[in-house]
Every structure is written in structure tokens, then in C-alpha cells.
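Step one of this worksheet: look at the structure below.
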């Protein structure tokens with residue numbers, strides 16, 4: 001059976017990368033294929049670049065409102081049974097869609113796949129999600145209950161069933177979802193059917209330092225607080241979806257996620273006056289860290305030890321001194337070279353076994 005597909009390129013002030021994204025969608029070795037480009041109020045040359053493609057793509061230019069509003073605006077024009085969204089700074093490999101179609105299951109909510117992680121210059125830095133984490137298959141709600149999430153790539157590594165999006169779009173008019181579409185679509189689609197996965201790198205995720213959630217070694221507490229608020233809104237929507245489905249998720253679900261716990265601990269230490277969660281405490285949050293680290297399948301043994309060490313330093317050190325381990329722990333991938341080297345050393349130490357001794 002031939003399956004129709006739609007690929008949507010979401011554009012906002014990424015003139016440097018936009019052509020590569022659109023060209024990658026047009027180069028897919030599967031048909032029938034509809035390629036759409038929605039521009040969310042770009043002020044650079046992006047609209048001119050988009051117009052240069054003529055009728056090869058379907059175009060929507062709209063005032064700036066955030067990438068979730070871009071999806072809401074363009075989705076009614078999508079005709080494919082399979083729908084993919086691609087940020088304009090990322091791109092797909094030519095065989096991505098054909099591999100998705102070959103793995104497609106009529107019952108699945110989506111098919112997900114890995115992405116090659118590159119820096120702004122296009123140099124390979126790793127894989128997204130981390131290669132250590134097995135991609136899921138089937139019902140992932142139990143994974144969400146276990147660690148507040150499931151292994152899933154950023155938006156460009158997903159191919160959604162149209163009926164899944166019909167249940168989830170329009171993305172709610174929540175201020176914290178306006179620019180965080182994958183923070184809504186990926187978790188909530190878990191309640192729309194099983195997840196299918198392809199354990200291959202079928203596209204590229206470019207982490208160039210200005211991505212929405214990118215952290216540097218110096219933590220921006222305003223951005224940190226925004227992310228914490230976003231994750232608590234996401235938790236609320238997960239709880240509502242579970243209740244509608246007759247299922248139960250643990251309370252304080254996000255405290256089961258090590259990334260969230262580390263961000264929450266950093267917020268409490270670096271800017272307690274503006275911490276967005278009333279009644280929170282360093283002791284309560286730190287106590288949740290070991291279990292959250294243990295449950296996270298995306299962490300290697302070295303990364304677990306590293307995270308726990310940074311968390312302990314943050315909890316014990318005074319405010320000013322806690323800034324350094326907070327920055328180390330929260331720095332976005334690709335991590336600084338010395339951090340990656342440290343993680344490798346810790347991992348090797350963890351693999352060492354004491355030599356057996358002989359009684360004299």
C-alpha cells in the first residue's frame with residue numbers, strides 16, 4: 001500500500017540553514033509527498049528564500065506567534081496520512097521517509113527515529129536520543145510513569161499518524177507551549193496509541209547554541225525558570241490525558257526525571273527568590289535525585305556518577321560556588337570536551353573490577 005506523506009518545514013529567522021531543510025524534504029525518495037513551508041514572521045531573508053521555490057512547495061507566511069502557532073496554522077493544509085515537522089535549522093536524509101513508510105504500523109501513534117547531532121558548523125557531535133538509550137516500542141505510558149518521560153527525539157525525529165495530530169492539534173493556547181511544540185506533541189501522543197521506532201539516524205539535529213532549550217556552562221536562571229514552568233504544565237497535561245484514559249500517573253511526576261530534578265536544584269541554589277515552585281526545598285529535591293538518576297535510561301554509568309556528583313556539590317556548596325557545578329551539569333550537548341573526557345574516565349573506572357586476592 002502506498003502511503004501519502006506531508007513534510008512541514010517550520011521557518012523563523014534561520015536563513016543560513018533554510019535551503020538545506022527545504023531541499024532535504026524535496027529530496028525524499030518516497031511519493032506521494034507534499035512539502036509545505038510555514039514561516040513564522042521571519043525578519044531576515046527567509047520569506048524570499050521560500051518564495052524562490054515557487055510551486056515546488058506549499059507556502060504559508062504568517063505573523064510571528066511561536067512555532068506551535070505555526071503548526072496550528074499549517075496542519076489543516078496537510079493532506080498526508082503521515083505528517084512530519086522539520087525545524088528550518090535541521091534536515092532529513094533522502095531515505096528518511098521511505099524508511100518510515102517501511103516501518104509504518106496502522107495502529108501506531110507515530111514512528112520515531114534517531115538524529116545525527118551536529119554543531120553549528122555541521123560537525124558530528126553524537127546522536128539524538130543518546131545511543132545508550134533503547135528506542136521504545138509499543139505502549140510507553142508505563143515509561144512516563146517510571147521516569148516522567150520516554151526516550152524520544154526532538155520534533156524532527158518523529159513521523160506522526162494524521163489521526164494522532166487530529167486529536168492533539170491545535171496545540172493549546174498555553175503561553176508555555178507557544179514555542180515548545182515537541183514538549184506537548186511527543187508526550188501526549190503516548191496516549192494516542194503505541195510508538196514504533198527505527199534505530200537508525202535518518203536526519204540531522206543542529207545544536208548551534210541558539211536553540212530554544214540550549215544551556216551554556218553559565219546558567220541563565222530566567223530560561224531555567226521558564227523550562228521548569230513548562231515541564232510542570234506538561235505534567236499537568238499528562239495527568240489530564242491519563243485521567244481521560246482511565247490510567248494513573250504518580251504525583252510529583254517530574255521529580256522522577258533527573259533532568260528536571262537537576263534544573264530544579266539549580267534554580268533553588270542560584271535564584272531561590274524567583275524559584276517558580278512554592279514550598280520547594282533543596283533537601284526535598286536532592287532526595288529525589290538518586291532515584292531519578294537510576295531510572296533515566298538515557299544516562300551512561302559515567303553520566304549517572306557525574307550527575308550525582310554535580311547534584312551533591314550544588315546541594316552542599318554556598319550559592320556563588322554552586323554556579324559552577326550547575327553549569328557543568330546543565331550544559332547542553334554537545335558538552336564541553338573536558339566534560340566528555342571526564343565522563344569517559346568515570347565510565348572506565350566504573351568498569352574496573354578488583355583483582356581477586358589469594359590468602360597467604
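The values are calculated or read from the model by the stated rules, or taken from the named source; none is laboratory data. Everything numeric in this text was worked out from a predicted model, so none of it was measured. When we count neighbours, we look across all protein chains shown, and the Cβ atoms used for this are built from the backbone with ideal geometry, even at glycine.
Structure data summary
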| item | result |
| --- | --- |
| Selected residue (only one of 202, 228, 188 is within 28 Å of residue 168 (Cβ to Cβ), under 18 Å from the mean Cα position of the chain (by Cα) and outside the structural domain of residue 142 (by TED's automatic domain parsing)) | 228 |
| Failed item in (1) free of Cβ contacts under 8 Å to residues at least 40 places away in the same chain; (2) surrounded by fewer than 19 Cβ atoms within 10 Å (Cβ to Cβ), with residue 103 passing the rest | (1) |
| Hits in region 300-329 (condition: outside any helix (DSSP H, G or I) and over 20 Å from residue 281 (Cβ atoms)) | 300 |
| Residue within region 268-284 that is under 24 Å from residue 218 (Cα atoms), in the same structural domain as residue 330 (by TED's automatic domain parsing), buried (at least 22 other Cβ atoms within 10 Å of the Cβ) and under 23 Å from the mean Cα position of the chain (by Cα) present | no |
| Unique residue being under 23 Å from residue 89 (Cβ atoms), in contact with a strand residue (DSSP E or B) (Cβ under 8 Å, 6 or more places away or on another chain) and modelled with pLDDT under 95 when the list is 202, 207, 176, 185 | 207 |
| Test for residue 194: is it assigned by TED's automatic domain parsing to the domain that holds residue 13, closer than 28 Å to residue 294 by Cβ, touching a residue at least 12 places away in the same chain (Cβ under 8 Å) and out of contact with any strand residue (DSSP E or B) (no Cβ under 7 Å at 6 or more places or on another chain) | no |
| Matching residues, region 151-184, being touching a helix residue (DSSP H, G or I) at 6+ places or on another chain (Cβ under 7 Å) and without any contact (Cβ under 8 Å) to a residue 40 or more places away in the chain | 168, 182 |
| Top-ranked residue of region 318-333 - restricted to ones that are under 15 Å from residue 272 (Cβ atoms) and touching a residue at least 12 places away in the same chain (Cβ under 8 Å), ranked as surrounded by the most Cβ atoms within 10 Å (Cβ to Cβ) | 326 |
| Count of region 218-254 residues which are in contact (Cβ under 8 Å) with a residue 40 or more places away in the chain, assigned to a helix (DSSP H, G or I) and surrounded by 12 or more Cβ atoms within 10 Å (Cβ to Cβ) | 18 |
| Qualifying residue in region 49-62 (condition: buried (at least 22 other Cβ atoms within 10 Å of the Cβ), at pLDDT 95 or above and in contact with a strand residue (DSSP E or B) (Cβ under 6 Å, 6 or more places away or on another chain)) | yes |
| Residue within region 126-138 that is within 18 Å of the chain's Cα centre (by Cα) and under 19 Å from residue 5 (Cβ atoms) present | no |
| Residue among 31, 46 that is crowded, with 20+ Cβ neighbours inside 10 Å, over 23 Å from the mean Cα position of the chain (by Cα) and free of Cβ contacts under 8 Å to residues at least 60 places away in the same chain | 46 |
| Matching residues in region 132-163 - criterion: being surrounded by fewer than 22 Cβ atoms within 10 Å (Cβ to Cβ), touching a strand residue (DSSP E or B) at 6+ places or on another chain (Cβ under 6 Å) and under 20 Å from residue 77 (Cα atoms) | 162 |
